[in-house]
Every structure is written in C-alpha cells, then in structure tokens.
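What follows is one structure encoded as structure tokens, with my remarks underneath.
No lab work stands behind these numbers, since they all come straight from the coordinates. The shown structure was predicted, so the numbers you read here are calculated from the model rather than taken from an experiment. Because the Cβ atoms are built from the backbone with ideal geometry, glycine has one as well, and the counts that use them run over all protein chains shown.
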Amino acid sequence: MSADFAALVEAVQRNCHIADARHAREMTLCTYLLEMREFYRWELGIPLGAPLARPEVGAWLDAREALWETLSDADFGTLPLAGAVYDPFASVELNRQLVPRGLVYGAGIGRFGKPHFFLGRLARSEAADGLTVLVSACEYARDLTAIPAALQNDTVIVRREALRQWLWEKAEAWALKRTPGALAQALAAHAYDVDPHAALERMADAEIATLILHERGEHAAGRLLGPAWEAMLAGFDQRRPEILARAVRDNLADCLVTLPTLIERAAWPQLFFWSANFDGMRRALFPALAVVEIDKLGAGDTAALVVLEDLLARGAAHWEQVARQLLTLDAAAIEALSHAPETIAL
C-alpha cells in the first residue's frame, strides 16, 4: 500500500468514525448490536458466518465507543489525493481521479440525515441512459451501516461487499426457522442448501442487477418529480414523514423500472427475493401488490402475469400522483398520512 493510498484510506475512515460517533446510537439496541457485530467482522476480515469470540467483540465494542467519544464534536476532514485535497462530499470530483486508478468512493446523506462514506476497489463501470454505474468489490474504509446501493447525482454506486453482508444476514435469519415462502424460493433457486457460500456469490451477482434497476427507477422518478423532491427529503426533521416519502418513491421506482424489467427478463429468483423484502411502509402503501403470488408467475401463469403488468402500470401513475401530492404538503400533514397509509394506498 502506497503512502498516498494509506493516507486516503485513513482520512475516509476517520470521517466514517465521525459519522458513526454522531449517529450510531440513534439505532434501536437490536439493530445497533447486529450492525456492530458485522462491522467487527468486516474490520478484522472474518468470513461471513464464522463464529465470533464474545470477549473479543465486547472489548472491541468498548474501544470503538471510546473512540467515538473523542470524535463526536469533530468536523469531517478533507481527503488527500494526488497532491490536492477534496471536500469529503465531493464524490463526483474524487471519482474522476479514483476510477482510472481502479477505486470508487461514495459519500452522501442517507436516511434520517446520517452521512455515509466508503472507499472500495472498483469491480466494473458502465454508462447508459444518462447514468454511470460503478460497482465496488472489497472495501478499504466504511461506516457502520453498509448501504448496498445509492444514487448520487447521475451515478449509481453498488457495493458488492455490503450486498453480500446483507444477503448473508437475510439467509442466516431464514435458516433459523426455514419458513416457506418467497425467500425460501429465492434461496432454493441458488441452491443455498447445497453450498451456502457459493449460493451467496450467485445471489450477489443477481441482486446487483436488481439494485441497479431500482436505482435507475429512482433516477426516472427523480426526473418526473424534479429537485423539489430531494429538497423535501432533506427538510424533514422527523422520521415518519421521511419513511413515508421514501416508500412512495420506492414504489414508484419499482413500478417504473425494477419490476417491469425483471418480468421482461423472466428473472424469477430475483422477483422471489424482491417479494421477500417487500415490507414495512412500502407494503402498507401497496397491498394490491403484496397479495400477488409471484411463484405462480414463475410457474408460467400467463393470466397472473397480465394482472401484475396491469397493476404495475396503474401503480406507476398512482405513485407519481401521490408523490406530487406530498410535494404540496408540510411535514405535519405527511406525518399524519404516515399514521393512516391506507388513505393513499393502492
């Protein structure tokens, strides 16, 4: 590792620690402990699923929280690269320098105002329809919450390592009860019972494609709704209005791009996995889609396919209309809707 690269990694990781110092304790205790467990695994290079020694994890957690105490009031630092320094949120400018070097950097504001940063090795890049897609492989610096994909300006960044972690957590939780359903079908399609680790790699490859489709859908939704939508999201100071607004846009993105394209490709394992993760506010808003039996589509039920395609067309129009309605409301009115999602549901 060159001194310049090491300095960049250190600077990015310090900003990650500052972001975690400010926001990590906003999680529920269960989520916090799960995220810390996987962060420990990533930091020490321990394979997914390998047992962890509780005393060592506990000592690491205490040390990390002590570090956060020293950084909670710190400002994000600039990033050194090729003799210059960059603002930590200048991901476009940084990637102009990093992508030719086989690296990719991500920076942005996620849910509930938490900043996220990461630096990884570039696995591949592509450009089409006005979007650049950058897929990272191993990661050299990251914060506590590893987000598998994000749309930043006109660039989609997909983090394969973060996606693998998320997939493993889903599979690990399913294996405890082995409940039949869409997730079981998705795992079976990748022969999870035969070789879990090989299945995980196959699933990661497939789900990268789904993530890219969803981010393309968000980009399409952004073109319809304009910059006022992002300004609205950034202006929320309560969680429930943001949760509702993001769920509306997610449903719009999936009706516009994700689901129609997966259907066109007959990507049934990906549709099974999408269905298994259709939950929370997105599901509460879209009960008509929640009851669709995706397994029948995979079995060749053409009538069910026609019904679904019609539902997605109606959904695209409905969620665009609802999104435009939200743009006319204040945060208090949007929060009221979040407590009665059936009033705007499809």
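Looking at [x] 18.3; [y] 31.9; [z] 17.3, which value of mean projected area of the Cα convex hull in nm² comes from a calculation on the structure shown?
[x]
At 7 Å along the Cα-to-beta-carbon direction for both VAL92 and ARG223, put a label point, then send me their distance in nm to one decimal.
Placing both labels 7 Å beyond Cα along the Cβ direction yields 1.7 nm.
So, R0 is 30 Å and r is the distance between the beta-carbons of SER2 and LEU44; what FRET efficiency does that work out to, to 0.05? Present the calculation step by step, with values, prior to reporting the outcome.
Values: r = 23 Å, r/R0 = 0.77.
Calculated value: 0.80.
Please work out how much length the chain gains when fully extended from ASP193 to LEU52, using 0.36 nm per residue of separation minus the C-alpha to C-alpha distance, in nm with one decimal.
Working: separation 141, 0.36 × 141 = 50.76 nm, distance 2.27 nm.
Computed gain between ASP193 and LEU52 is 48.5 nm.
Considering only C-alpha atoms, what is the centroid distance from region 253-289 to region 15-58, in Å?
30 Å
Which distance in nm do the two modelled labels at ALA173 and ALA234 give, with both placed 7 Å along the Cα-to-Cβ direction?
In this crude label model, ALA173 to ALA234 measures out at 3.2 nm.
Calculate the spin-label point distance for ALA266 paired with ARG111, positioning each point 7 Å from the Cα along the beta-carbon direction, and give it in nanometres.
3.5 nm
Check VAL156: other-chain or 5+ apart residues with amide H under 5 Å from its amide H, H built from backbone geometry?
Under 5 Å from the amide H of VAL156 lie the amide H atoms of THR132, VAL133, LEU134, each far enough along the sequence or on another chain.
Take the Cβ-Cβ distance between ALA331 and ARG283 as r, set R0 to 22 Å, and report the resulting FRET efficiency rounded to the nearest 0.05. Show your work: numbers first, answer last.
Numbers: r = 23 Å, r/R0 = 1.04.
Taking R0 as 22 Å, the efficiency between ALA331 and ARG283 is 0.45.
When the Karplus curve 6.51 cos²θ - 1.76 cosθ + 1.60 is applied with θ = phi - 60°, which whole-Hz ³J(HN,Hα) does each residue of region 160-171 get, with x for Gly and Pro?
4, 5, 5, 5, 4, 4, 5, 4, 5, 4, 5, 5
Subtracting the Cα-Cα distance from 0.36 nm times the residue separation, let me have the gained length for TRP60 to ARG246 in nm, one decimal. Kindly include the intermediate steps, with their values, before the conclusion.
Numbers: separation 186, 0.36 × 186 = 66.96 nm, distance 3.43 nm.
Value of the extension gain: 63.5 nm.
Which shape class applies to region 218-346: rounded if a/c is under 1.5, otherwise prolate when a/b exceeds b/c and oblate if not, where a ≥ b ≥ c are the square roots of the Cα gyration tensor eigenvalues?
Values: a/c = 2.33, a/b = 1.91, b/c = 1.22.
Prolate shape, in that a/c is at least 1.5 and a/b is the bigger ratio.
If the chain between GLN321 and ASN153 were fully stretched, how many nm would it gain, using 0.36 nm times the residue separation less the Cα-Cα distance? Please report the intermediate quantities before stating the final value.
Values: separation 168, 0.36 × 168 = 60.48 nm, distance 2.35 nm.
Between GLN321 and ASN153, full extension yields 58.1 nm more.
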